[in-house]
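Note sheet for the following structure.
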Amino acid sequence: DTAVSQTPKYLVTQMGNDKSIKCEQNLGHDTMYWYKQDSKKFLKIMFSYNNKELIINETVPNRFSPKSPDKAHLNLHINSLELGDSAVYFCASSHFGTGELFFGEGSRLTVL
Amino acid sequence: AQRVTQPEKLLSVFKGAPVELKCNYSYSGSPELFWYVQYSRQRLQLLLRHISRESIKGFTADLNKGETSFHLKKPFAQEEDSAMYYCALSSFGGSQGNLIFGKGTKLSVKP
C-alpha cells in the first residue's frame, strides 16, 4: 500500500550514461514533484507537474527531462550523467495548493 | 525573494532537555509554514503545519510574523527525536506550486 514509490532505490552508473528514475503515486493527487537532495542534505525543487503539465522547472540542466504519462506517474530521465549529478532524488506528490507533500523513499544515484 | 533559513546545521542535546530548532523565513505574501522530519532510513514526512496549530509527538511551532520565525520546540527531548528536520515555506500563489525547504537541522538526542 505504498503511497509514493520510486524505482530504483539505488543506481550506480558511469559518467556519460543515461538513466531513468520512475515514480508512481496511488493517493489520487494531481501534483507531483522531483526534489534533489545533495550530500549536505539540502533539498531543492527540480520540477513540478500539475495534471500532467509542467508548472515548475527550476534551473536544472536540460540533461534532466521529466515525463508525466498520467497524473499518477512522473519519471525523471537523465542524459550524459556527470559526477555532480550524484545525489538522492526524491519524488513527491500532493493536492495542488497544499503544502502537505508525500515523499517517496528516494533514489540514491551515484555517478562514477 | 522567498527564502527559509535554518541557522543550525546540527543541534545536540541530552535526553530530557528542551529543544528548539530555529527557522526564519522571507516571504512577501501571507506565509504557510511547515516542519518536515526525516528519520534515519525513512522518507521525509510532514511533522506539523502552522495553520493547524497542533502538537505532534510533543513538538509545537508558533508562527511569529513580526520576527518572521517558525521555531520548532519540544520541552523534553527523546532519543527517538533524533532526525533531520526541515522547515518549509509554501509558495502556492498564482499558477505555481512549490514548497521551499530550509537547509535542514540535524537533531541528535543523546542518552
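Being open to solvent by 50 Å² or more (accessible area, probe 1.4 Å) and either assigned to a strand (DSSP E or B) or farther than 30 Å from residue B:9 by Cβ (or both) is a description that does not apply to residue A:40. Within the stretch B:71-90, take every residue that is more than 27 Å from residue A:97 (Cα to Cα) and among the charged types (D, E, K, R) and give me the one that is most open to solvent (accessible area, probe 1.4 Å). My answer is B:80. Of B:100, B:51, all but one fail to be within 11 Å of another protein chain (Cβ to nearest Cβ), within 27 Å of residue A:107 (Cα to Cα) and of a type outside the set (Lys, Arg); the exception is B:100. Scanning the stretch A:20-37 for residues that are surrounded by 18 or more Cβ atoms within 10 Å (Cβ to Cβ), more than 14 Å from chain B (Cβ to nearest Cβ) and over 10 Å from the mean Cα position of the chain (by Cα) yields a single hit, A:24. Consider the stretch B:13-32 and keep the residues that are open to solvent by 60 Å² or more (accessible area, probe 1.4 Å) and small (Gly, Ala, Ser). The one that is farthest from the chain's Cα centre (by Cα) is B:28. Restricting the stretch A:65-89 to residues that are closer than 15 Å to residue A:13 by Cβ and within 10 Å of the chain's Cα centre (by Cα), which is nearest to the other protein chains (Cβ to nearest Cβ)? Ranking the qualifying residues of the stretch A:65-89, first place goes to A:88. Of the strands (runs of 3 or more DSSP E) contained entirely in the stretch B:1-109, those carrying at least 3 residues that are among the aliphatic types (A, V, I, L, M) and modelled with pLDDT of 90 or more fall at B:10-14, B:45-49, B:83-90.
The residues in the stretch B:47-59 that are of a type in the set (A, V, I, L, M, F, W, C) and open to solvent by 30 Å² or more (accessible area, probe 1.4 Å) can be counted, and the count is 2.
Table: residues versus (1) part of a strand (DSSP E or B); (2) without any contact (Cβ under 8 Å) to a residue 40 or more places away in the chain.
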| position | (1), (2) |
| --- | --- |
| A:2 | no, yes |
| A:5 | yes, no |
| A:23 | yes, no |
| A:36 | yes, no |
| A:56 | yes, yes |
| A:66 | yes, yes |
| A:77 | yes, no |
| A:88 | yes, no |
| A:93 | yes, no |
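Would you confirm whether or not the stretch B:34-46 contains a residue that is surrounded by 15 or more Cβ atoms within 10 Å (Cβ to Cβ), in contact with a helix residue (DSSP H, G or I) (Cβ under 6 Å, 6 or more places away or on another chain) and more than 10 Å from chain A (Cβ to nearest Cβ)? No, because not a single residue in the stretch B:34-46 is surrounded by 15 or more Cβ atoms within 10 Å (Cβ to Cβ), in contact with a helix residue (DSSP H, G or I) (Cβ under 6 Å, 6 or more places away or on another chain) and more than 10 Å from chain A (Cβ to nearest Cβ). The one condition from (1) open to solvent by 10 Å² or more (accessible area, probe 1.4 Å); (2) in contact with a Ser or Thr (Cβ under 9 Å, 6 or more places away or on another chain); (3) more than 23 Å from residue B:35 (Cα to Cα); (4) part of a loop (DSSP other than H, G, I, E, B) that residue A:81 does not meet is (1). The sole residue among B:22, B:15 that is of a type in the set (Lys, Arg) and touching a helix residue (DSSP H, G or I) at 6+ places or on another chain (Cβ under 8 Å) is B:15. Would it be correct to say that residue B:102 is in contact (Cβ under 8 Å) with a residue 24 or more places away in the chain, under 24 Å from residue A:6 (Cα atoms) and either open to solvent by 50 Å² or more (accessible area, probe 1.4 Å) or among the small types (Gly, Ala, Ser) (or both)? Considered against the rule, which asks whether it is in contact (Cβ under 8 Å) with a residue 24 or more places away in the chain, under 24 Å from residue A:6 (Cα atoms) and either open to solvent by 50 Å² or more (accessible area, probe 1.4 Å) or among the small types (Gly, Ala, Ser) (or both), residue B:102 comes out as yes.
The values are calculated or read from the model by the stated rules, or taken from the named source; none is laboratory data. Note that the coordinates shown come from a computational prediction; the quantities given were computed from them, not determined experimentally. So basically every Cβ, Gly included, is an ideal-geometry build from the backbone, and we count neighbours across all protein chains shown. To get the accessible areas, we keep the full protein, side chains included, count just its heavy atoms, and leave off ligands, DNA and RNA. Shrake-Rupley method; radii C 1.70, N 1.55, O 1.52, S 1.80 Å.
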